[in-house]
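Scroll down for the structure; my scribbles are underneath it.
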Amino acid sequence: MKKSQKNTGANIPTIELDGETLTVDELVLAAKSHARVKIFPEQEVRIKASRDLLDGFVKSGRTIYGVTTAVGGFVNWLIPENLAEKLQNNILRGVSSNVGPDLEDIYVRAAMLCRINSMGRGISAISLENFKKYVDMYNAGIIPCVPEKGSLGASGDLGPLAYIALVATGAWRAKYQGEIMSGEEALKRAGLEAARLSYKEGLAMINGTSMMVGVAAPLLYGAKRLVKQFCLVSAISLEALKGKIMPYHPTVHKNKPHPGQIKVAGAIWTTLADSKMVVQDEEVDRWLSSMRSGEPQGMDQQIEDAYSMRATPQILGPSLDAIWSADQTLKIEINSTNDNPLVIVEEGDAFHNAHFHGQYVSQAMDHLSIAVVNMCNLSDRRIDRYLDPHHNNGLPPFLCKEDPGLRHGLMGGQYCAASIMADMRSLCHPVSIQTLTTTGDFQDHVSMGLVAARRARDIVDNAYYIPAFELICACQAVDQRDEGAAALSSVTRSIYEMVRELVPYLDHDEALGDYISDVSNLLREGRLLTALPSGDLDWDD
């Protein structure tokens, strides 16, 4: 069945998950809105059939990992069926070794939705009863407390997902209606019964990539909106720095047709279509023609802009492509059965596998981190151009027109931007290569996927400040140009006005930190995108 989102009579959004088509954006919006999961009949049939098949294997005496054997470093131990519940509970307790602060609610809710979507595919062989209890816990608004540090991301996010499963069994602790309490108390207050686990069910709940995806998806959702807004920031900077528009002409980019490059160039070209501030080639040609003589001569202007202005499509395009590639990777992961073993009804068989391994997600988060840092590198270089009178095409030093020397202008904002850039760059070392052997060399290659996602979280959180300060510089520069804001394009004029609602023209020195934070929130909320005509920058295809 195709998933759907709608409103109930109580205006509570609901979502039906088919295990095949859930997108990153839909996952994040459902987690943010506390959408309730609705189980549909076809899903129940699939789940029950998988469990019935596994029941038959157990009755026949078949040996299956995590069902009739122990797990991890004790994989070579056979476990009698009558000890199944004790084994599954011990699996949860044995891997619950995470430390550090608890993950934010949005990440835990997204992880739970991922796990429901995965188990609901009917290949994990969880019982229908316990699947419903997991769903009921989510729908009741119970948010298990999940310490963020300690997952290897190879046998899945065992520890983080185990804390969620423990709460489902009435153990550990959780947040319910804004209060932290025991898992038992949370279930009691919500009017729910604790799950009692039989063979495979603990593994079904924890042996997967759902937590790393639960963290990764909101980050990717934000990065997708940030890169679109970054094109708009690039456009207004091209105007304010008196950059040349022709390098963005669509014909140019058809001759090096990387998808991201074409989309970035097209977005900026379209955004600046009615700009009277950006420089046209004919202006450059007229100026150069007027300077010609019979002798070689130097000029105080040049025929081409620096790379941070002219090569934006070629620099930002790879970031766009990396972000959309990560989006496709996460979509596949979200709509997969990623635990072990798989019990596939259509094949009538159980399969040992390694779908729990998070290398795809880990590398996608590394790529996201690189993409975001490179995006901010570009912004940082344009900030420097704004403030350096040797490179800002006639603007005052540090954008300080009034009382230079007595005042600092925007000099101090660059201190902040440079510091945050150093912070981001120091974090941008690949995590997906940081495998360490554990479990008696049984888990001898691990992904560190949740570590990569948490690292990307810190980078993305910092990333909003850099283009925020660039926007402040752009608006200050626009007001110092003779043409003023009236010469901006219709789109960038709207952006200018948004910034000016928060930050005045600065003809006096004052603390800049709050201004930078306020403008960064414009970007976090995606408000710059409201300046666009409907459909513009709609790149999700």
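Here are a few things to note about the model shown:
- Condition check for LEU54: of a type in the set (A, V, I, L, M) and under 30 Å from the mean Cα position of the chain (by Cα): no
- Scanning the stretch 336-364 for residues that are more than 16 Å from GLY449 (Cβ to Cβ), in contact (Cβ under 8 Å) with a residue 12 or more places away in the chain and surrounded by fewer than 19 Cβ atoms within 10 Å (Cβ to Cβ) yields ILE344, VAL345, GLY348, HIS352, ASN353.
- When residues of the stretch 426-471 are limited to those that are over 16 Å from the mean Cα position of the chain (by Cα) and acidic (Asp, Glu), the one least open to solvent (accessible area, probe 1.4 Å): GLU470
- Failed item in (1) in a helix (DSSP H, G or I); (2) open to solvent by 10 Å² or more (accessible area, probe 1.4 Å); (3) more than 27 Å from LEU238 (Cα to Cα), with ASP423 passing the rest: (3)
- Filtered residues of the stretch 453-488 (kept if in a helix (DSSP H, G or I) and of a type in the set (D, E, K, R)): ARG454, ARG455, ARG457, ASP458, ASP461, GLU470, ASP479
- A count restricted to the stretch 513-535 and to residues that are aromatic (Phe, Trp, Tyr) and closer than 13 Å to VAL233 by Cβ stands at 0.
- Odd one out for PRO259, checked against (1) under 30 Å from ALA110 (Cα atoms); (2) buried (at least 22 other Cβ atoms within 10 Å of the Cβ): (2)
- Close pairs from the stretch 506-520: first touching a residue at least 60 places away in the same chain (Cβ under 8 Å), partner part of a helix (DSSP H, G or I), Cβ under 6 Å, at least 6 apart: LEU512/GLY412; LEU512/GLY413; ILE516/TYR465; ILE516/ALA468; ILE516/PHE469
- The single residue among LEU166, LEU219, LEU152, LEU187 that is closer than 26 Å to VAL28 by Cα, modelled with pLDDT under 95 and aliphatic (A, V, I, L, M) turns out to be LEU152.
- Residue that is least open to solvent (accessible area, probe 1.4 Å) [pool: residues in the stretch 35-64 that are in a loop (DSSP other than H, G, I, E, B) and over 23 Å from LYS133 (Cα atoms)]: ILE64
- Applying a threshold of 8 Å to beta carbon distances and a minimum spacing of six or more residues, or different chains, the list of pairs starting in the stretch 239-265 at a residue that is over 23 Å from GLN302 (Cβ atoms) and ending at one that is of a type in the set (Asp, Glu) reads HIS258/ASP321; PRO259/ASP321; GLY260/ASP321.
- Scanning the stretch 156-205 for residues that are open to solvent by 20 Å² or more (accessible area, probe 1.4 Å) and within 25 Å of the chain's Cα centre (by Cα), we see that the one that is farthest from PHE356 (Cα to Cα) is LYS175.
- A single entry from LEU197, LEU161, LEU192 fulfils the requirement of being modelled with pLDDT of 95 or more and either at positive phi or part of a helix (DSSP H, G or I) (or both): LEU161.
- Every residue from the stretch 230-246 that is surrounded by fewer than 24 Cβ atoms within 10 Å (Cβ to Cβ) and either among the hydrophobic types (A, V, I, L, M, F, W, C) or in contact with a Pro (Cβ under 8 Å, 6 or more places away or on another chain) (or both): ILE245, MET246
- In the set (1) farther than 19 Å from ALA111 by Cα; (2) at pLDDT 95 or above; (3) hydroxyl-bearing (Ser, Thr, Tyr), SER308 fails one condition alone, (2).
- Within the stretch 102-135, considering residues that are touching a strand residue (DSSP E or B) at 6+ places or on another chain (Cβ under 9 Å) and hydroxyl-bearing (Ser, Thr, Tyr), the one nearest to ALA84 (Cα to Cα): SER124
- Residues satisfying the stated conditions in the stretch 65-75, i.e. open to solvent by 30 Å² or more (accessible area, probe 1.4 Å), in contact with a strand residue (DSSP E or B) (Cβ under 9 Å, 6 or more places away or on another chain) and either of a type in the set (S, T, N, Q) or part of a helix (DSSP H, G or I) (or both): GLY73
- Helices (runs of 4 or more DSSP H) enclosed by the stretch 201-277 - at least 1 residues per element that are small (Gly, Ala, Ser) and under 30 Å from LYS48 (Cα atoms): 201-206, 210-240
- Remark: pairs (first residue in the stretch 400-419, within 15 Å of ALA468 (Cα to Cα) and open to solvent by less than 50 Å² (accessible area, probe 1.4 Å); second residue assigned to a loop (DSSP other than H, G, I, E, B) and polar (S, T, N, Q); Cβ separation under 9 Å; 6+ apart in sequence or on different chains) are absent.
- Residue count for the stretch 79-136 satisfying the condition of being part of a loop (DSSP other than H, G, I, E, B) and surrounded by fewer than 24 Cβ atoms within 10 Å (Cβ to Cβ): 8.
- Output for the stretch 495-512, where each listed residue is under 15 Å from VAL233 (Cβ atoms) and either open to solvent by less than 20 Å² (accessible area, probe 1.4 Å) or of a type in the set (Gly, Ala, Ser) (or both): ILE495, VAL499, VAL503
- LYS276 falls short on exactly one of the conditions (1) open to solvent by less than 50 Å² (accessible area, probe 1.4 Å); (2) out of contact with any Ser or Thr (no Cβ under 6 Å at 6 or more places or on another chain), and that condition is (1).
The values are calculated or read from the model by the stated rules, or taken from the named source; none is laboratory data. Computed from a predicted structure; not experimentally measured. Methodologically, a virtual Cβ is constructed for each residue, glycine included, from the backbone with ideal geometry; neighbour enumeration extends over all protein chains shown. Calculation scope for accessible area: heavy atoms of the full protein, side chains included, ligands and nucleic acids excluded. Shrake-Rupley method; radii C 1.70, N 1.55, O 1.52, S 1.80 Å.
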